[in-house]
Amino acid sequence: MKHIILLTDFSETARNAALYALKMFKNQPVRFLLLNCFDVDFSGSPYIIQVKEEMAEESRRGLRQELSRLHAQFPNARIKPLSGFGPITEVIRKAIEEHHPELVVLGCKGETALEHLLLGSNALDVINNIHHPTLVVPINAQFISPKKIVFATDLQNTDLSPLADYLNDLIKSFNSELLFLNIVEDRPINRLETEEKLASYFPGVKLNFYFEESDGDNCQTILKFMEEHDATMLILFHHHRKFFQNIFQSHLIKKMILHPQHPMFILHEKQKQDVHK
């Protein structure tokens, strides 16, 4: 049985992301872990123990209420509430080590500077520090089975072998078409060889490769491409070496999250320290 972590701060944004995931995986054997993180900012206070206990009880109460809301729409979903104390990335990392989830789901919303600070920064913290498949869901996103999924990649140094099974399960479960989008810059690339290598990871999947000229705003190039091809889901592959040194620099991920328009799967290059047995 798959395990999926649903991050919640009891906001409408987080609830929408959880409902999105519940609908997305409703026909699959999944156990969801509804995780709330809480922390105390003023260490050293003589009242820290009392404050921590009060926050823990508030977290448990909020989880009970949130669980009731989610079960009202998905009564048969298997959802286990979890509450964790500490910085959000540390709590998530511990939950991953203990429960070995296939995916972490979080909501994002970017309408005002304050919301960027409170919500966008947390989403960026998770993506930059938790090297685990993550689904980022915009506040207004409603799940529709994706007929087309865009994989935006530089087509260089893209070893998908550690993630091939995961991606194939995802794509084939919705019978989706996978569109590889490369934003062309001034770097040579053997297109045929690269396409053949990528295609080898996806036997039986309908694939298409596209090349778009860079106009300096890669975020808008991706969004325009998705609109033109009626794609409703995006995959970004997070290398931890050269990935952010070329077209997919860190500001692209940041911009996509602070101005979210489509659900985004953020996949990470596998590293030894990220493998949990």
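Read-outs: derived from the displayed coordinates by stated rules, not from any lab. Model, not experiment: these values are computed from the prediction. Because the Cβ atoms are built from the backbone with ideal geometry, glycine has one as well, and the counts that use them run over all protein chains shown.
Please compare each pair in Lys23/Lys80; Lys172/Lys197; Lys23/Lys206; Lys197/Lys254; Lys224/Lys254 to a cut-off of 26 Å on the Cα-Cα distance and tell me which ones are over it. Those over the limit are Lys197/Lys254. Computed packing ranks the peptides 64-74, 174-184 as 174-184, 64-74, most packed first, by mean other Cβ atoms within 10 Å.
The stretch between Lys147 and His71 holds 24.6 nm of extra length on full extension. This uses 0.36 nm per residue minus the Cα-Cα distance. Measuring r between the beta carbons of Lys23 and Ile48 and using R0 = 45 Å, the FRET efficiency lands at 0.65. Given R0 = 22 Å, the distance between the Cβ atoms of Tyr210 and Tyr166 translates into a calculated FRET efficiency of 0.45.
In what sequence, highest mean first, do 23-36, 160-173, 122-135, 196-209 appear when ranked by Cβ atoms within 10 angstrom? Kindly include the intermediate steps, with their values, before the conclusion.
Values: 23-36: 17.3, 160-173: 15.7, 122-135: 20.2, 196-209: 13.6.
Highest to lowest by the protection proxy: 122-135, 23-36, 160-173, 196-209.
In segment 1-100, how does Rg compare with the Kirkwood Rh, expressed as the Rg/Rh ratio over alpha carbon atoms? Walk me through the numbers before you get to the answer.
On the way: Rg = 14.5 Å, Rh = 14.3 Å.
Rounded to two decimals, Rg/Rh equals 1.01.
Separation of segment 79-103 and segment 193-241, taken as the distance between their Cα centroids, equals 31 angstrom.
Length gained on full extension, Glu102 to Arg31, computed as 0.36 nm times the residue gap minus the Cα-Cα distance: 24.5 nm.
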